[in-house]
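Below is one structure, written out as structure tokens, with a few remarks after it.
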Amino acid sequence: MKAEDVRVCVIRIEGTNCEDEMANAFEMVGAKAEKVHLKQLIGQAPAGLARSLEDYDVLAFPGGFSAGDYVRAGAIFAARIKAGMGSDVRRFVESGKPVLGVCNGFQILVELGLLPAFDETMSDRPEAALYTNDSGRFECRPTVLRNDGRGKCVFASAIPSKALLTIPSAHAEGKLMSADPDFVSRLEENDQVVFRYVRPDGSDADYPWNPNGSPSDIAGICNPAGNVLGMMPHPERVMTRFTHPDWTRGYATEEGDGRVLFESVMDYLKKF
């Protein structure tokens, strides 16, 4: 598949507010991105505006505060998706097509049961949740991520093992928790831990380098197949060096640290 043939569905509802940045990120690596309201996919829009998920090659859940984050962050958006197009989403993932959820998008993927999805493509009920940050407040700051994956995740295929990326975080509920006492060890055994928060020298993080208190400094995970990625930091906000906090210090490249995630998935889609 050529880059210009890749169609990306950036799904949104009321409260989503990062759809422009997400669509722009995919377009910067050559794809065609469309911002699509959920109603367009579930038969609640005029015929001329109706869309079908199967016509897209990538599904992206952007950040924001969908439905005001009532009940739990991402819970209402996830419930509406399950009720209106749950089987479509399941087929999309099972076909091997990539799904990305950033910040609120990560929260939605967990509420949907697409992550961590230990035993099936989409679990009937959430196996984890993104809890309130340990600080008890919204944290907006640069964070450093280390690629701790072992090659499974398609969104990290072009990122060297243990490489560090500076990606900004902006969230109030980013602490990944589960009632399963073996949750972290199961993620590690399955190669589902993709990114961890670290200090700038690559060592284990503490606050504020881990902005939420997530166990084992987990910042992003994938499903067992590797084609669904959820992460709290925002790679779409650092597609160029000029949106990095230290951009005036001089760099040999104008590319931002987030670009490689989108290039990785485009390389993956070339196989289709």
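FYI, it's all coordinate maths here, none of it is from the lab. This one's a predicted model, so the numbers in the text were calculated from it and none came from an experiment. FYI the Cβ positions are ideal-geometry reconstructions off the backbone, even for glycines, and counts take in every protein chain you see.
Among the listed values [x] 20.1; [y] 22.1; [z] 18.3, the one matching Kirkwood radius over Cα pairs in Å as calculated from this structure is [z]. The fewest-to-most ranking of 7, 146 by surrounding Cβ atoms within 10 Å reads 7, 146. Packing order of peptides 119-131, 28-40, highest average first: 28-40, 119-131 (average count of other Cβ atoms within 10 Å over each peptide's residues).
Under 5 Å from the amide H of residue 133 lie the amide H atoms of 173, 174, 175, each residue being 5 or more positions distant or on a separate chain, with H modelled from the backbone and absent for Pro and chain starts. Taking amide H as placed 1.01 Å from N in the peptide plane, the amide H of residue 228 sits under 5 Å from that of 99, 223, each at least 5 places away or on another chain. Protection proxy ranking of 45-55, 133-143, by the mean of other Cβ atoms within 10 Å over each peptide's residues and highest first, is 133-143, 45-55.
3J(HN,Hα) couplings calculated from phi for the stretch 77-82 with the Karplus curve 6.51 cos²θ - 1.76 cosθ + 1.60 (θ = phi - 60°) are, in sequence order, 4, 4, 5, 5, 5, 4 Hz; Gly and Pro show x. Residue by residue, the stretch 210-225 carries 3J(HN,Hα) couplings of 9, x, 10, x, 4, x, 6, 6, 6, 10, x, 9, 10, 7, x, 7 Hz when phi is fed to the Karplus relation 6.51 cos²θ - 1.76 cosθ + 1.60 (θ = phi - 60°); x denotes Gly or Pro. A simple rule links phi to the HN-Hα coupling: the Karplus curve 6.51 cos²θ - 1.76 cosθ + 1.60 with θ = phi - 60°, which for the stretch 256-272 gives x, 5, x, 4, 5, 5, 6, 5, 4, 6, 5, 4, 4, 6, 5, 6, 7 Hz, with x for Gly and Pro. Excluding same-chain neighbours fewer than eight residues apart, the lysines reachable from residue 39 by a Cα-Cα span under 18 Å are 82.
Here's how it looks for residue 103: its modeled amide H is under 5 Å from those of 231, 232, which are all 5 or more places away or on a different chain. Would you give the gap between the C-alpha center of the stretch 229-249 and the C-alpha center of the stretch 43-79, rounded to a whole Å? Rounded to whole Å, the Cα centres lie 24 Å apart. The packing ranking, built from the mean of other Cβ atoms within 10 Å per residue, places the peptides 61-74, 236-249 in the order 61-74, 236-249, highest first.
Take every DSSP beta bridge whose two residues both sit in the chain; close to 60 percent of them are antiparallel. Ignoring aspartates and glutamates fewer than eight residues from residue 2 along the same chain, the ones with Cα atoms less than 19 angstrom from its Cα are 27, 34, 54, 55, 57, 263, 267.
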